[in-house]
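> My questions all concern the structure below.
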Amino acid sequence: MASSIEVGGSWSTNEDIALCQSWVNISHDPITGNEMKFHHMWSKIHGEFCQRSGSIRTEMALSSRWKLLNKELGKWRNALTKAKANIQSGQNLTDEMVQAQMWFGAMGQGKKSFVHFQCWEIVKDCSRFKIIPTGPPVVMNETPLHDSTSTDSPLDSPMETESPFVPRPPRPIGRKAAKAKRGATSSNDCVTLLEQIAKSATLRIERDLKRDEMDKAREEAFALQQQMAQEKDIEDREMKIMAMDTSHMSPETKAYWKVRRRDVMRKKLFNDDGPSNTDWLNDENH
């Protein structure tokens, strides 16, 4: 009996992509794709997969992994189909993806969210995974093509409408029909609930985006205020340096404040924040 853990460990995203690409190329080959037997097909898929990924996984490991991917990709196709049919005017692709993820999680049988987006881009045009759009009922001149309110059938004669006999009461529905009706009602309730959940998720996303924008604006305003306060503090210090009375100071102290003033003037005139050189220490004129 084979080990539950295949050689190679857990599957990486690149391996899943290589498997999907190999499956599409071999199984959808216009010349031999429909004529290959199952074992021969997976033998060729295994060969192309090994060339693409350099992996040492066995043919059985590829077949088992594809069963899982096939199930997840099929669920995602169904979720996208429902989301596209339920998307409202004015909503964008993000709203559609949110609804699709909600549908995917509500279907059960596996993961709660879909993550194989790169694999989906590879297989989405295959007949097995292609999304068939569902549109509104077909009408002509604002009247449904199958209108049951009026008919020219010869069975609707005046003899029927003016019959003196009392019509029979409707026949009670059977057990199977009643069960099917309850199932349809439950399904409709589930659809309504999912639509409400998707709408709530969309509103929550919009609210979070607005809150993030407000937080960003507050942070920018605070940063600007801090910068202005810092610049004001520097300006005050430079004013004190320029106004410093050095008449009562020693020659060394006077020289120090002279250099400080020179730095302030150079910064104002040449936008230079570097310190002055120390040649003044050896300058006999100071």
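The values are calculated or read from the model by the stated rules, or taken from the named source; none is laboratory data. Fair warning: this is a prediction, and the values are worked out from it, not measured in the lab. Heavy atoms of the whole protein, side chains included, go into the accessibility calculation; ligands, DNA and RNA do not. Shrake-Rupley method; radii C 1.70, N 1.55, O 1.52, S 1.80 Å.
> Show H40, H46, H248 ordered by accessible area, largest first, where the area counts protein heavy atoms only and the probe is 1.4 Å.
H248, H40, H46
> Report S10's accessible area, 1.4 Å probe, all protein chains in place, as a number in Å² to the nearest 10.
100
> Another question, if that's okay. Apply the Karplus curve 6.51 cos²θ - 1.76 cosθ + 1.60, θ = phi - 60°, to the phi angles in region 52-67 and return the couplings in whole Hz, x for Gly and Pro.
Values, residue by residue: 6, 9, x, 7, 10, 5, 7, 4, 5, 5, 5, 5, 5, 5, 5, 4 Hz.
> Still on this structure, please answer the following. Over 30 Å between Cα atoms: which of K124/K210; K44/K130; K216/K240 fall into that group?
K124/K210; K216/K240
> Another question, if that's okay. If you stretched the chain out fully between H28 and K111, how much longer would it get, using 0.36 nm times the residue separation minus the C-alpha to C-alpha distance?
Extra length from H28 to K111 when fully extended: 27.1 nm.
> What are the ³J(HN,Hα) values, in whole Hz, obtained from phi via the Karplus relation 6.51 cos²θ - 1.76 cosθ + 1.60 with θ = phi - 60°, for each residue of region 69-77 in sequence order, with x given for Gly and Pro?
5, 4, 5, 5, 5, x, 4, 5, 4
> Also: In sequence order, what are the phi-derived ³J(HN,Hα) couplings for region 230-239 according to the Karplus relation 6.51 cos²θ - 1.76 cosθ + 1.60 with θ = phi - 60°, rounded to whole Hz, with x for glycine and proline?
5, 5, 5, 5, 5, 4, 5, 5, 5, 5
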